[in-house]
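Have a look at the structure below before the remarks.
The values are calculated or read from the model by the stated rules, or taken from the named source; none is laboratory data. None of these values were measured; they are calculated from a predicted model. A quick note on method: Cβ atoms are made from the backbone with ideal geometry, for glycine too, and the neighbour counts reach across all protein chains shown. The area values use the complete protein model at the heavy-atom level, side chains included, leaving out ligands, DNA and RNA. Shrake-Rupley method; radii C 1.70, N 1.55, O 1.52, S 1.80 Å.
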Amino acid sequence: MPEATFHFPHDFRWGVATAAHQVEGNNANNDWWAWEQQPGHIAQGDTSGLACTWWEDAEADFARAAALGTNALRLSVEWSRVEPQPGTFDEGALGRYVEMVEALRQRGIEPMVTLHHFTNPRWLAEQGGWEQPETVDRFARFVERVVEALGPTCDLWCTINEPNVYAYQGYLAGAWPPGASEWGTAMTVMRHLLLGHAAAYRAIHEVQPEARVGFAHNMQIFDPARPRSPLDRFVTSIIDRAYNQAILSSLKRGLWTPPLGFGLALKLRGTLDWIGLNYYTRELVAFDRTRSEALFSRRLHGDDAEMLDGGYGELYPQGMMRCLERLAQLDLPIYITENGIPDDDDDQRPRHLLTHLHQLWHAIQRCYPVMGYYHWTLVDNFEWAEGWTLRFGLIALDPETQVRTPRRSAFLYATIIRANAITPQAIDAYAPELRPELLPGPDG
Ligand code: FCB
């Protein structure tokens, strides 16, 4: 029987990703903390609480990441800690972040620092947050301080995490703070986030000319539920444009792309040194004339779809390649800044990991410049409106006791990293469909 080992480039970045509010604990000064305290907002009435106690001891989990063999870790800086009052910067908080990135370096792990990952200081939220144009410059001022402090240890920056998800959840679905549901405001917020990205890009390069700056774009695959139906195809293309494409086109062309807006957006041009892909799932889209609030669409899943836990969507590894095909057109280095699966009992994660990495391997064979993969996530953490009900960790965490237990996927990831490859043994154990004799040719 033919065997295959899918090797990765020798300098490939094997990482894990997380965000400040989801792991630090006691982030009491931001808008998410306030939101969590109000009944009905978070599944089971959960709160972030002590989260994974990273503010006290991120180093213990950094040691776990190092033990897996990772050489990269994406984390974020919490704006409300660094700038607790407008214009007042907390040197102690900045010092703690310096300590963290140094602790990563000491373990041979390259930090990637995200500067905005969904949370805002309460004072900013009270002043209208990203609805207000002033937030763009305020963000750039905060970014400048962070880069001055962390710059000696870090040069890989992710300005903003998922502008589309942030705007969708907070300003359309009403599921995240501030709980709004207004199309126009959502588009304004997305435009301000992109301008914030551009302002941050320039602020970072002022302080650190050699910096590598990008942002993390959440892409989802949307396919027409009935591929032959012109109406399904039409709404699918509208949703794809609104969610996936408008942001990328606006940044590339320096022109607002509908539905984000119209007219020049010259400030956006040339503000990417790399692009990050957060990829999770696919949805099918059907035309539904009764749902004007959802652009006349309904989302569903095929009868044969393998579903993930907690209604999180479909396991669809091919989507990774389809997103990369589109991103490769930007001609920029690409990082998979997030990819993972909620799977408490870890029955799907090993196969998820292998099949997605196999797609990535294919992309690299096609010479797409994929530089690294950051698995979401190392340790179970506070999953926003889903609270602690969705478990994305390679390592399980009991938030009450803080006891951590590695899942079998943690060992699998360590094996892959050590081999710098997907090995036949891993394929046999968890993803027999990747055996070479069972694989379709490169184009099918
Ligand atoms: C992404 C978020 C991240 C985490 C994962 C599961 O959209 O960026 O914080 O919640 O989903």
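Each row is one residue, and each column tells you yes or no for (1) open to solvent by 10 Å² or more (accessible area, probe 1.4 Å); (2) away from the ligand (no atom under 16 Å from the Cβ); (3) not in a strand (DSSP E or B).
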{"site": "A363", "(1), (2), (3)": "no, yes, yes"}
{"site": "M371", "(1), (2), (3)": "yes, yes, no"}
{"site": "F382", "(1), (2), (3)": "no, no, yes"}
{"site": "A385", "(1), (2), (3)": "yes, no, yes"}
{"site": "R391", "(1), (2), (3)": "yes, no, yes"}
{"site": "Q425", "(1), (2), (3)": "yes, yes, yes"}
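Quick check on this structure: which one of A19, A43, A51 is within 15 Å of the ligand (Cβ to nearest atom), of a type in the set (G, A, S) and within 18 Å of V143 (Cβ to Cβ)? Write out each step before concluding.
Working: A43 fails: within 18 Å of V143 (Cβ to Cβ); A51 fails: within 18 Å of V143 (Cβ to Cβ).
One residue alone meets the criteria, A19.
Considering region 407-426 alone, what residues qualify as being without any contact (Cβ under 8 Å) to a residue 60 or more places away in the chain and either closer than 19 Å to D345 by Cα or under 23 Å from the mean Cα position of the chain (by Cα) (or both)? Reasoning before the result, please.
Just the residues of region 407-426 that are without any contact (Cβ under 8 Å) to a residue 60 or more places away in the chain, to begin with: 411, 415, 425.
Matches in region 407-426: F411 only.
A quick yes/no check of all residues on (1) buried (at least 16 other Cβ atoms within 10 Å of the Cβ); (2) in a strand (DSSP E or B); (3) among the aromatic types (F, W, Y); (4) at pLDDT 95 or above:
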| position | (1), (2), (3), (4) |
| --- | --- |
| R282 | yes, yes, no, yes |
| Y316 | yes, no, yes, yes |
| L324 | yes, no, no, yes |
| Y335 | yes, yes, yes, yes |
Checklist entry - Consider M320 against the criteria (1) within 21 Å of N161 (Cα to Cα); (2) in a strand (DSSP E or B): it satisfies all of them except one. Which criterion is unmet? => result (2)
Item to check | helices (runs of 4 or more DSSP H) lying entirely in region 143-249 (those with 3 or more residues that are within 16 Å of the ligand (Cβ to nearest atom), touching a residue at least 12 places away in the same chain (Cβ under 8 Å) and open to solvent by less than 20 Å² (accessible area, probe 1.4 Å)) | outcome: 163-171, 183-207
Checklist entry - Is it the case that L255 is at pLDDT 95 or above and crowded, with 19+ Cβ neighbours inside 10 Å? => result no
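I want to confirm something. Restricting to region 10-28 and keeping residues that are among the aliphatic types (A, V, I, L, M) and either in a loop (DSSP other than H, G, I, E, B) or open to solvent by 10 Å² or more (accessible area, probe 1.4 Å) (or both), which single residue is nearest to G49 (Cα to Cα)?
My answer is A28.
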Checklist entry - Scanning for something touching a residue at least 24 places away in the same chain (Cβ under 8 Å), closer than 22 Å to P178 by Cα, within 14 Å of the ligand (Cβ to nearest atom) and of a type in the set (S, T, N, Q), does region 71-82 turn up at least one residue? => result yes
Checklist outcome for this item: Only one of (1) open to solvent by 10 Å² or more (accessible area, probe 1.4 Å); (2) under 19 Å from the mean Cα position of the chain (by Cα) does not apply to D303, and that is (2)
Checklist entry - Can you tell me which residues in region 331-352 are under 16 Å from the mean Cα position of the chain (by Cα) and hydrophobic (A, V, I, L, M, F, W, C)? => result I334, I336, I341
